[in-house]
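The values are calculated or read from the model by the stated rules, or taken from the named source; none is laboratory data. The structure displayed is predicted, hence computed values, not measured ones. Cβ: placed from backbone, ideal geometry, glycine included. Neighbour counts: every protein chain shown. For accessibility, only protein heavy atoms count, side chains too; no ligands or nucleic acids. Shrake-Rupley method; radii C 1.70, N 1.55, O 1.52, S 1.80 Å.
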Protein chains: 2
Amino acid sequence: MGSSYVNGGGERGLDGAGPGSVDKGVDYANYFCTYSFLYHQKEMLSDRVRMDAYYNSISQNKHHFIGKTVLDVGTGSGILAIWSAQAGARKVYAVEATKMSEHARLLVKANGLEDIVEVIEGSMEDVTLPEKVDVIISEWMGYFLLRESMFDSVICARDRWLKPTGVMYPSHARIWLAPIKSHLIDQKRDHYDGTMEEWHGFIDDTRNSYGVDMSILTEPFTDEQKKYYLQTSLWNNLRPEQVIGTASIIKEMDCLTATVEDILVIKTQFFSSILEEDTKFSGFGGWFDVHFRGRSESPATTEIELSTAPSIENGTHWGQQVFLLNSPIRCSKGDNMNVSFVMNRAKDNHRLLEAEFGCEFKLASGQPLQPFRKKFFIE
Amino acid sequence: MGSSYVNGGGERGLDGAGPGSVDKGVDYANYFCTYSFLYHQKEMLSDRVRMDAYYNSISQNKHHFIGKTVLDVGTGSGILAIWSAQAGARKVYAVEATKMSEHARLLVKANGLEDIVEVIEGSMEDVTLPEKVDVIISEWMGYFLLRESMFDSVICARDRWLKPTGVMYPSHARIWLAPIKSHLIDQKRDHYDGTMEEWHGFIDDTRNSYGVDMSILTEPFTDEQKKYYLQTSLWNNLRPEQVIGTASIIKEMDCLTATVEDILVIKTQFFSSILEEDTKFSGFGGWFDVHFRGRSESPATTEIELSTAPSIENGTHWGQQVFLLNSPIRCSKGDNMNVSFVMNRAKDNHRLLEAEFGCEFKLASGQPLQPFRKKFFIE
């Protein structure tokens, strides 16, 4: 049977319940391998906002680097390791799980830093360093901060290799959610409707031409298509004006002290007020920011923020994650909502997430609205 | 780092040198998992040419099925197993490696065939049947016939479970190549040029803004992009008039006797004459056909052919595989070529292929043309 997919374009794989039990080959096929492509590294290196934030956090806080030892977790092309060395580090360990490490090694040498930066190919959980380090730097953030679950590897590195006085770059991270308006659901709904219509025609054809009644598969097919079109969060570049209500922080993390336990399940409640007159609440937009503050015993002299909030000028390759309701809700300034939010990792692939929203709208008019819940797959 | 890819859209994984040494979890993440989606099954079930060929081969050769035992290798939704039962089989074993087997079981029951069709979830190499069978039926063909290397599993099934008198459905397979004209290379070349231009701008920006000289990566980046845009064969639906010369069979297989050894490496020479006046030789188009002939001791009464040759009315989801030269060659009726062809499996993923063409053009004018070679990745 011809299928374009031979890893190649595929869907979720199976890799066990948690980071400790992930088969490495499966994790490579499911996750790591895209990072072995220079094209993908270039995409990230071309993200000006991302590059500026890390570059400035290092170059404007040289006191954290001069004469110090640094560990770059997931070095990719080696850029953060190189900047750390250029900022005066005595020694930098740059760990990379994929063959991209070979390119990183070339890049380090071409920039005259091979005496300072040691590129190590391997997974962070497996490598052994000759010493503990003063700084752990890493660009580990996935869509909606935690997709990819890469921070687990940073925690592992920190617990094994950061000196008691050591500093994390970035030092803090936050996840935000806000109500938004968006037309995307119309497109998704059209595609879903089209697919279902095609399916019903297909059922008739198969019965008439081939004597097989496939209608028993309509329910699972509907579930599959609903999930794909209507229940999966989307990457989108939101315009700020699409945010129609107050944004809330739903998770705050201190990178120096956070544990894997702290991020396995995010469970919170938040309140949001609609700020726009006569608008439509289409769902939620989610994003994150990270800060480079150093630590209280050794603060940054210049604090840098990297935000992925909706922006016209300062968008990033992360975009935002958009969680669309099946049908938008008319609302207006003065209306409020109480929202419950639970997010956890997907059972069969710890690098993917699932999130459930519970929404209790309170209209200014006093008119009661039925509370609703919706579950999403973050794939 | 935000990446859309978490198996999800990915590239080649690692799974060892051959079918015997493939890690099952990796093979699932790399290959099998797309077949667990009903949407994908529907695509194949909606291929009218494919469906007609199998349906007709069974229903017009009932003598092979009535009162007989059948094994369907890679049953997917269960369609071939169901048709076999409807044609009068006594017992059908329908083996499926993915959770699609659960849908197949539902479908069998909904069509009243649960006493005849037994759906078994598992990989063909691992399952045990209670008896040997009279017929092995399977739709195993990938792009260019052998992509996906699924026939290995059919061979395994045949050697273990087919009675000495048993019949293979299909019974024979052939791979074809022909010279074609195509404009696709222009598009690919434009994309490649655009990507390279963007890269050079990126190198300058990174040097100027961030003090890092990435020019050492230009060579590997070029190799990576060349491979992606210019050295990978393409799926295409060729129009018959794009075939500009004689087509050649480059491999013939008897499904009753072929061994894995026979298909590990395809190595052949062929001759092709250009048939069109004042044309451009852009590369080769490849396709396959299979036949349902039964066996000499028990032939089909009606022989059926399933061809994936270029066709306006009878296209299939397999399309053709297109192997494009970097630059087309002007030629005309009367010009000929001697072509050497070698195809083998990719080292790090046995389900993907690599092919090398060596071309010696003989122009009718007598003017000598430099012979050339080109290697392709079939991904």
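Would you check if there is a residue in segment B:76-85 being more than 10 Å from every other protein chain (Cβ to nearest Cβ), open to solvent by less than 10 Å² (accessible area, probe 1.4 Å) and in contact with a Ser or Thr (Cβ under 6 Å, 6 or more places away or on another chain)?
yes
Which of the residues belonging to segment A:41-94 are outside any helix (DSSP H, G or I) and hydroxyl-bearing (Ser, Thr, Tyr)? Quick ask: steps written out before the conclusion?
Residues of segment A:41-94 that are outside any helix (DSSP H, G or I), as a first pass: A:46-47, A:60-61, A:65-78, A:87-94.
Answer for segment A:41-94, where residues must be outside any helix (DSSP H, G or I) and hydroxyl-bearing (Ser, Thr, Tyr): A:Ser46, A:Thr69, A:Thr75, A:Ser77, A:Tyr93.
I need the strands (runs of 3 or more DSSP E) fully contained in segment B:273-368, keeping only those with at least 2 residues that are open to solvent by less than 20 Å² (accessible area, probe 1.4 Å) and modelled with pLDDT under 95.
Working: elements: B:279-295, B:298-307, B:320-331, B:336-346, B:349-362.
Qualifying strands (runs of 3 or more DSSP E): B:349-362.
Look at B:Gln41 and say whether it is within 12 Å of chain A (Cβ to nearest Cβ) and open to solvent by 40 Å² or more (accessible area, probe 1.4 Å). Talk me through it step by step, then tell me what you get.
Values: within 12 Å of chain A (Cβ to nearest Cβ): yes; open to solvent by 40 Å² or more (accessible area, probe 1.4 Å): no.
Criteria not met by B:Gln41.
Yes or no, residue by residue, for (1) away from chain A (no Cβ under 12 Å); (2) at positive phi; (3) in a loop (DSSP other than H, G, I, E, B):
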| site | (1), (2), (3) |
| --- | --- |
| B:Ile155 | yes, no, no |
| B:Ile175 | yes, no, no |
| B:Phe221 | no, no, no |
| B:Tyr228 | no, no, no |
| B:Thr257 | yes, no, yes |
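Right, B:Ile216: open to solvent by 50 Å² or more (accessible area, probe 1.4 Å), under 30 Å from A:Leu107 (Cα atoms) and either within 12 Å of chain A (Cβ to nearest Cβ) or in a helix (DSSP H, G or I) (or both) or not? Explain how you work it out, then say what you get.
Details: open to solvent by 50 Å² or more (accessible area, probe 1.4 Å): yes; under 30 Å from A:Leu107 (Cα atoms): yes; either within 12 Å of chain A (Cβ to nearest Cβ) or in a helix (DSSP H, G or I) (or both): yes.
Yes: the conditions hold for B:Ile216.
Looking at (1) surrounded by 20 or more Cβ atoms within 10 Å (Cβ to Cβ); (2) of a type in the set (Asp, Glu); (3) part of a loop (DSSP other than H, G, I, E, B), can you tell me which one B:Glu114 breaks?
(1)
With respect to B:Tyr169, determine if the residue is open to solvent by less than 70 Å² (accessible area, probe 1.4 Å), of a type in the set (Ser, Thr, Tyr) and more than 11 Å from chain A (Cβ to nearest Cβ).
Working: open to solvent by less than 70 Å² (accessible area, probe 1.4 Å): yes; of a type in the set (Ser, Thr, Tyr): yes; more than 11 Å from chain A (Cβ to nearest Cβ): yes.
Judged against the criteria, B:Tyr169 is a match.
Within segment B:98-119, which residues are of a type in the set (Gly, Ala, Ser) and away from chain A (no Cβ under 12 Å)? Even if it seems obvious, please write down each step before you answer.
Initially, segment B:98-119 is screened for residues of a type in the set (Gly, Ala, Ser), giving B:101, B:104, B:110, B:112.
Matches in segment B:98-119: B:Ser101 only.
In this structure, does A:Ser149 turn out to be at pLDDT below 95 and either within 29 Å of A:Ala300 (Cβ to Cβ) or in contact with a helix residue (DSSP H, G or I) (Cβ under 6 Å, 6 or more places away or on another chain) (or both)?
Working: at pLDDT below 95: yes; either within 29 Å of A:Ala300 (Cβ to Cβ) or in contact with a helix residue (DSSP H, G or I) (Cβ under 6 Å, 6 or more places away or on another chain) (or both): yes.
Criteria met by A:Ser149.
Within segment A:44-57, restricting attention to residues that are open to solvent by 10 Å² or more (accessible area, probe 1.4 Å) and among the polar types (S, T, N, Q), which residue is farthest from the other protein chains (Cβ to nearest Cβ)?
Out of the qualifying residues, it is A:Asn56.
Do you know which of the residues in segment B:126-153 that are touching a residue at least 40 places away in the same chain (Cβ under 8 Å), away from chain A (no Cβ under 12 Å) and assigned to a loop (DSSP other than H, G, I, E, B) is least open to solvent (accessible area, probe 1.4 Å)?
Result: B:Leu129.
Looking only at segment B:63-73, decide whether some residue is within 12 Å of chain A (Cβ to nearest Cβ) and either touching a Phe, Trp or Tyr at 6+ places or on another chain (Cβ under 9 Å) or open to solvent by 40 Å² or more (accessible area, probe 1.4 Å) (or both). Working first, answer last.
Initially, segment B:63-73 is screened for residues within 12 Å of chain A (Cβ to nearest Cβ), giving B:73.
Adding the requirement that they be either touching a Phe, Trp or Tyr at 6+ places or on another chain (Cβ under 9 Å) or open to solvent by 40 Å² or more (accessible area, probe 1.4 Å) (or both) leaves B:73.
Within segment B:63-73 (the criterion being within 12 Å of chain A (Cβ to nearest Cβ) and either touching a Phe, Trp or Tyr at 6+ places or on another chain (Cβ under 9 Å) or open to solvent by 40 Å² or more (accessible area, probe 1.4 Å) (or both)), the answer is yes, since at least one residue qualifies.
What number of residues within segment B:16-34 are in contact with a helix residue (DSSP H, G or I) (Cβ under 6 Å, 6 or more places away or on another chain) and either at the interface with another protein chain (Cβ under 7 Å from one of its Cβ atoms) or at pLDDT 75 or above (or both)? Show your work before the answer.
Kept after step one, since they are in contact with a helix residue (DSSP H, G or I) (Cβ under 6 Å, 6 or more places away or on another chain), are these residues of segment B:16-34: B:19, B:23, B:25-26, B:29-30, B:34.
Next, only the ones that are either at the interface with another protein chain (Cβ under 7 Å from one of its Cβ atoms) or at pLDDT 75 or above (or both) stay: B:23, B:25-26, B:29-30, B:34.
The total comes to 6.
Would you say B:Val92 is among the hydrophobic types (A, V, I, L, M, F, W, C), at pLDDT below 95 and open to solvent by less than 10 Å² (accessible area, probe 1.4 Å)?
The answer is no for B:Val92.
Of the numbered conditions (1) among the aromatic types (Phe, Trp, Tyr); (2) open to solvent by 30 Å² or more (accessible area, probe 1.4 Å); (3) within 14 Å of chain A (Cβ to nearest Cβ), B:Phe372 satisfies every one except a single condition; which is it?
It fails just one condition, (3).
What are the pairs with Cβ atoms under 6 angstrom where one residue, in segment B:217-232, is closer than 17 Å to B:Gly283 by Cβ and the other, located anywhere, is open to solvent by 60 Å² or more (accessible area, probe 1.4 Å)? Sequence gap at least six, or different chains.
The qualifying pairs are B:Tyr229/B:His191; B:Thr232/B:Glu379.
Applying the selection to segment B:230-244, what residues are closer than 17 Å to B:Tyr143 by Cβ and part of a loop (DSSP other than H, G, I, E, B)? Even if it seems obvious, please write down each step before you answer.
At the first step, the residues of segment B:230-244 found to be closer than 17 Å to B:Tyr143 by Cβ are B:231-238.
Passing the criteria: B:Gln231, B:Ser233, B:Asn237, B:Leu238.
Among the residues of segment B:88-102, is there at least one that is of a type in the set (Val, Ile, Thr) and either free of Cβ contacts under 8 Å to residues at least 12 places away in the same chain or in the same structural domain as B:Val290 (by TED's automatic domain parsing) (or both)? Let's see the steps before the verdict.
Narrowing segment B:88-102 to residues of a type in the set (Val, Ile, Thr): B:92, B:95, B:98.
So of that shortlist, the ones also either free of Cβ contacts under 8 Å to residues at least 12 places away in the same chain or in the same structural domain as B:Val290 (by TED's automatic domain parsing) (or both) come out as none.
No, segment B:88-102 has no match at all.
Among the residues of segment A:240-283, count how many are touching a Ser or Thr at 6+ places or on another chain (Cβ under 9 Å) and acidic (Asp, Glu).
The number of residues fulfilling the criteria is 4.
Residues are listed down the side, and each one gets a yes or a no for (1) of a type in the set (A, V, I, L, M, F, W, C); (2) under 18 Å from the mean Cα position of the chain (by Cα):
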{"position": "B:Phe281", "(1), (2)": "yes, no"}
{"position": "B:Asp289", "(1), (2)": "no, yes"}
{"position": "B:Leu306", "(1), (2)": "yes, yes"}
{"position": "B:Leu352", "(1), (2)": "yes, yes"}
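How do the pairs read when you match residues in segment B:261-288 that are under 17 Å from B:Arg239 (Cβ atoms) with residues anywhere that are hydroxyl-bearing (Ser, Thr, Tyr) and open to solvent by less than 10 Å² (accessible area, probe 1.4 Å), using Cβ under 6 Å and keeping only pairs 6 or more apart or on different chains?
B:Trp287/B:Thr308
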